[in-house]
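Asks: Handing you a structure now.
The values are calculated or read from the model by the stated rules, or taken from the named source; none is laboratory data. Predicted model, so just to flag it, every value in this text is computed and none were measured. With ideal geometry, Cβ positions are generated from the backbone for all residues, glycine too; neighbour counts draw on all protein chains shown. Surface accessibility is based on the protein's heavy atoms, side chains included, excluding ligands, DNA and RNA. Shrake-Rupley method; radii C 1.70, N 1.55, O 1.52, S 1.80 Å.
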Amino acid sequence: MKIAIMGAMVEEITPLLEKFGHYETTQFADNKFYTLKYKNINLTIAYSKIGKVNAALTAGILINRFGAQKLLFSGVAGAVDEALHIGDLIAASSLAQHDLDITVFGHPYGFVPESKVFIKSDEKLLKIAHETADALGLTLKEGVIATGDQFICDGAKKEWIKETFNASAIEMEGAAVAFVCEALRVPFFILRSISDAADAQAGFDFNEFLQSSSKISADFIAAMLDRMV
Ligand code: ADE
């Protein structure tokens, strides 16, 4: 079984590389890909760099060049749902692009012709995630994650995203990964731990909690992996 684990920033994958300890590094397309064997899994780990274009490129490479048959994403997000607090875990039930806008032609936000607004996460991976949470005694929330090429640090914008997409959290890569995986028929799972509330204080909170929330997410993904071997 070949599995890929992806993050957007180096902080998001470092806890995983530290946990596994040994890996080979391959340079490709201006990026680094870390491969290793874990039990019966051939694992490739990479961070894409921030944003939808980088995320789509990396997801495509993980699938087409490294042969990933499942893709797990680990990282941080801004909370949109007030019930989510710093360090909480949220799994995407589905994902949408909040900054995709051709509404002038009568389409809904997040939609382009021959595509759809929401892409659903793989049901089997979501089930494994909930079993993992139960086994660890952790709370794992599930909800819509909205993705865009903007760091949201504004209450009004956050409210708009919440109302338009019924979103629980926002970040900058998930939907790009989801669209690539759906098109290439690769089951995917997007996990985020909250680093900020996407409000006026978000820039400060993000810097403060990036490392700790990244570790919470990465530790959970590692535990999930143990249930997949
Ligand atoms: N990732 C973490 N926090 C975020 C925010 N407030 N906006 C976009 N992406 C994020």
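Asks: Compute the angle between helix 155-165 and the longest alpha-carbon principal axis of the chain, please, reported from 0 to 90 degrees and rounded to the nearest 10.
Replies: Taking Cα atoms only, the helix is inclined about 80 degrees.
Asks: What are the ³J(HN,Hα) couplings of region 10-27, residue after residue, when phi is run through the Karplus curve with 6.51, -1.76, 1.60 and θ = phi - 60°? Round to Hz, x for glycine and proline.
Replies: 4, 4, 7, 10, 3, x, 6, 4, 5, 5, 7, x, 10, 6, 9, 10, 10, 8
Asks: With the other protein chains left in place, how much accessible area per residue, in square angstrom, belongs to the chain at a 1.4 angstrom probe?
Replies: Working: 10220 Å² over 229 residues.
For the chain, the solvent-accessible area averages 45 Å² per residue.
Asks: For the chain, what is the calculated [θ] at 222 nm in deg cm²/dmol (nearest 500), taking -39500 (n - 2.57) for each run of four or more DSSP H residues and dividing by its residue count?
Replies: Rounded to the nearest 500, the figure is -12000 deg cm²/dmol.
Asks: Let me ask something additional. Carbon-plus-sulfur fraction of the accessible area of region 2-228, 1.4 Å probe, in percent?
Replies: Numbers: 5290 of 10060 Å².
Carbon and sulfur atoms account for 53 percent of the accessible area of region 2-228.
Asks: Next question. Starting at the first residue of region 219-229, write each ³J(HN,Hα) from the Karplus equation 6.51 cos²θ - 1.76 cosθ + 1.60 with θ = phi - 60°, in whole Hz, x for Gly and Pro.
Replies: 4, 5, 4, 5, 5, 4, 4, 4, 8, 9, 6
Asks: Moving on to the next point. For region 86-229, list log₁₀ I(q)/I(0) at each q in 0.11, 0.12 Å⁻¹, using the Debye formula over Cα point scatterers of equal strength and ignoring solvent, two decimals each.
Replies: For region 86-229 at q = 0.11, 0.12 Å⁻¹, log10 I(q)/I(0) is -0.42, -0.50.
Asks: Please work out how much length the chain gains when fully extended from residue 114 to residue 1, using 0.36 nm per residue of separation minus the C-alpha to C-alpha distance, in nm with one decimal. Write out the running numbers ahead of the final one.
Replies: Numbers: separation 113, 0.36 × 113 = 40.68 nm, distance 3.20 nm.
37.5 nm is the gain from fully extending residue 114 to residue 1.
Asks: Further question on the same structure: Report, in listed order, any pair from 49/70; 127/162; 120/141; 32/70; 32/124 with a Cα-Cα distance greater than 22 Å. Before the final figure, lay out the partial values.
Replies: Values: 49/70 20 Å; 127/162 25 Å; 120/141 15 Å; 32/70 19 Å; 32/124 29 Å.
Pairs exceeding 22 Å: 127/162; 32/124.
Asks: Another question, then. Shape verdict for region 158-200, please, from the Cα gyration tensor: rounded (a/c under 1.5), prolate (a/b greater than b/c) or oblate.
Replies: Details: a/c = 3.10, a/b = 1.90, b/c = 1.63.
Verdict is prolate for region 158-200.
Asks: Now for a different question. Set Lys and Arg Cβ to +1 and Asp and Glu Cβ to -1, take the dipole of the chain about its Cα centre, and tell me which of 55, 160, 150 lies farthest positive.
Replies: The Cα lying farthest towards the positive end belongs to 55.
Asks: Still on this structure: Take region 142-227, drop everything but the C-alpha atoms, weight them equally and run the Debye formula without solvent; then report log10 I(q)/I(0) at 0.14, 0.15, 0.24, 0.26 Å⁻¹ to two decimals.
Replies: Summing over Cα pairs of region 142-227 leads to -0.56, -0.63, -1.27, -1.34.
Asks: Next up: Assigning unit charges at the beta carbon (Lys, Arg +1; Asp, Glu -1) and nothing else, what dipole magnitude in debye, to the nearest 20, does region 84-217 show about its Cα centre? Intermediate results must be reported in sequence, preceding the final value.
Replies: Details: 11 positive and 20 negative charges, 73 e Å.
About 340 debye.
Asks: Among bridges DSSP assigns within the chain, what percent are antiparallel (round to 5)? Don't skip to the answer; put the middle values down first.
Replies: Working: 17 of 47 bridges.
Just about 35 percent of them are antiparallel.
Asks: Nearest 20 debye, what's the magnitude of the dipole of the chain about its Cα centre given +1 on Lys and Arg Cβ and -1 on Asp and Glu Cβ? Display every interim value, and only then the final one.
Replies: Numbers: 21 positive and 29 negative charges, 214 e Å.
Charge dipole of the chain: 1040 debye, to the nearest 20.
Asks: Follow-up. Taking amide H atoms as placed 1.01 Å from N in the peptide plane, list the residues 5 or more away in sequence, or in a different chain, whose amide H sits under 5 Å from that of residue 48.
Replies: HN-HN under 5 Å from residue 48: 7, 8, 9.
Asks: Further, regarding this structure: What residue among 119, 42, 193 has its Cα farthest toward the positive end of the dipole of region 2-228, where the charges are +1 on Lys, Arg and -1 on Asp, Glu, each on the Cβ?
Replies: Highest projection toward the positive end goes to 42.
Asks: Pick from 136, 72, 36 the residue whose mean-square fluctuation is largest in a GNM of the chain, springs joining Cα atoms under 10 Å.
Replies: Its mean-square fluctuation being the largest, the pick is 136.
Asks: Right, here's the next one. If one computes the Cα centroid of region 110-131 and of region 34-74, what distance in Å separates the two points?
Replies: Centre-to-centre distance over Cα atoms comes out at 18 Å.
Asks: What whole-number distance in Å separates the alpha-carbon centres of region 201-223 and region 134-162?
Replies: After rounding, the separation between the Cα centres reads 13 Å.
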